[in-house]
Amino acid sequence: MGIALRAAGHAVTLLAPDLHEPSVRRAGLAFHPLVVDPAVLDDPHLWDVRKGFGVVWRATRPAMAQLPAFVAALPEGERCVLLVHPLAIPEADLCRFGRPGTKIVAAYLAPSNLPTVHDPLMMGPLSIPRWVPFALRRWMWRQVGARLIDPVALPDVNAARRACGLPGVAGLLEFLIAVPDLSVLLCPAWFARTQPDWPQPLLRVGFPLHEPEPDLVVEPELARFLASGAAPIVFTPGTGNRQAGHYFRCALEALRQLDQRGGRCCGIGRRAIGRRAIFLTPHAEQIPSDLPDHVIWQAYLPLRALLPQVAALVHHGGIGTTAEALRAGTRQLVVPLAHDQFDNAARVEALGAGLVLPASRLNAARLTRSLRRLLAAPSMAEQCRAAAAKFDSEPDMDELCRVLARLAARAD
């Protein structure tokens, strides 16, 4: 989005944790670092269904608190549009208080970040049946807010607002929907149809997939591995997941179980029998030390180059990884842990492009059965190709640039 806005003639600065600076600089965008403690990745509750929001909220507050000072320091009279993650909306509202005329655009990466009472309705791992009446669904959302979200978020939000002389907020979910001048959902309608209770005005933009290193190619060692046998299965729990030791142990045992049910020789190094696989994570300490020759570990791989060459992708259900697999037409086994991952997983399954195994139920036996079903499903290859074909008609960023330009013209 930043690249498209810059190309349209806008001055663009990206505010993000400093670890992203190299990618942002390569894209040619101005960068402003935000303070984020990487220790959050070691918090045992980060991937907890009930407690994960609190971990993320507390971890992001120091970074979000830097936003008002950054906006206040902009040249006087310069028009400003803030394109922000939903968790930055409270601070964006403070920016508008200090700099009247500032426009706020909420960018929603995944459809589950926009609450709805309409189907398909996922509340964490729970799929709400279609027969549940709307009144009960609204009550359920109020309970989510009152029990899981507001006790964590409102003390911080209201303390900052009181310091500026602003009234307090009664409920965070309602507040986040009401503040922005525009909401942007960054996924196509074929993945998640627009719901009647989503905020308006709402702009739909296709998956804004960005490869930070577009010229990066597969290393020779990996290229040899890919060329030396059957297409491998790729396992990744997500770049930020430092708590995936159990995940990889289950994966290794599942590969052995698949081997016992008729694996094939992959002919790498010493004779090795079984399903070939790639374990993908930057955190080497969670990889089993006894990997056989037909399973290799990689710290990072460009999914755009890798996925067309693999048999399946087993992953956590992050929206970026999900979209890359859909674009590649790759079968997916989604193992969701928390946050938006359950909803993304359910949508993949509804498209016929994959299966779901919740992380809370993950063990080697269930993983083996799920992989066997995934690889044997006769119609899934066709469904994956159908999903991949939809990317041919994805819109570019022109409409987003036009809408934000109109907003900027009114930012005074």
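Worth a mention:
- For R276, the amide hydrogen comes within under 5 Å of the amide hydrogens of I233, counting only partners 5 or more places away or on other chains and with H modelled in the peptide plane.
- Nearest 10 degrees, 0 to 90: helix 52-64 Cα axis against the chain principal axis: 50
- Portion, in percent, of the accessible area of the chain that falls on carbon or sulfur, probe 1.4 Å: 56
- Probe 1.4 Å - accessible area at E382, Å² to nearest ten: 120
- Annotation: amide H of A30 within the under-5 Å range of V12, L14, sequence separation 5 or more or interchain, hydrogens built in the peptide plane.
- Euclidean distance between Cα centres, the stretch 40-69 to the stretch 370-393, Å: 35
- Using the 1.4 Å probe convention, the accessible area of the stretch 25-156 works out to 51 Å² per residue with neighbouring protein chains retained.
- Couplings 3J(HN,Hα) for the stretch 39-51, derived from phi with the Karplus relation 6.51 cos²θ - 1.76 cosθ + 1.60 (θ = phi - 60°), are 4, 4, 5, 9, 5, x, 9, 4, 9, 7, 4, 8, 9 Hz, where x marks Gly and Pro.
- Counting 0.36 nm for each residue step from D181 to R142 and taking away their Cα separation leaves a gain of 11.7 nm.
- Only Lys, Arg (+1) and Asp, Glu (-1) charged, at Cβ; the chain dipole about Cα centre in debye: 1220
- Its DSSP H runs of at least 4 residues, each contributing -39,500 (n - 2.57), put the calculated 222 nm mean residue ellipticity of the chain at -11000 deg cm²/dmol, to the nearest 500.
- Separation of the A39 and D18 label points, Cα + 7 Å toward Cβ, nm: 1.6
- ³J(HN,Hα) computed for each position of the stretch 23-34 - Karplus, 6.51 cos²θ - 1.76 cosθ + 1.60, integer Hz, glycine/proline x: 5, 5, 5, 4, 6, x, 9, 5, 10, 10, x, 10
- Among 164-171, 49-56, 281-288, the order from most to least packed when residues are scored by Cβ within 10 Å on average: 49-56, 281-288, 164-171
- For the stretch 283-380: accessible area per residue (Å², 1.4 Å): 36
- Annotation: amide H-H contacts under 5 Å for L203 (H modelled 1.01 Å from N, sequence separation of 5 or more, or interchain): S183, V184, L185.
- The chain: most fluctuating residue of A92, A376, A353 per GNM, C-alpha cutoff 10 Å: A376
- Cut-off 19 Å, label 7 Å out along Cα→Cβ of A189, residues of the stretch 350-389 by amide N: 351, 387-389
- Here the simple spin-label model places points 7 Å from the Cα toward Cβ, and for R26 and A135 these points are separated by 5.6 nm.
- Couplings 3J(HN,Hα) of the stretch 335-349, computed from phi: 10, x, 10, 6, 6, 7, 5, 5, 5, 4, 4, 4, 6, 4, 5 Hz, in residue order, whole Hz [Karplus 6.51 cos²θ - 1.76 cosθ + 1.60, θ = phi - 60°; x for Gly and Pro].
The values are calculated or read from the model by the stated rules, or taken from the named source; none is laboratory data. Please read all numbers here as calculations on a predicted model, not as lab measurements. Here Cβ is always computed from backbone atoms with ideal geometry, including for glycine, and neighbour counts include all displayed protein chains. Side chains are part of the model used for accessible areas, which takes the heavy atoms of the whole protein and leaves out ligands, DNA and RNA. Shrake-Rupley method; radii C 1.70, N 1.55, O 1.52, S 1.80 Å.
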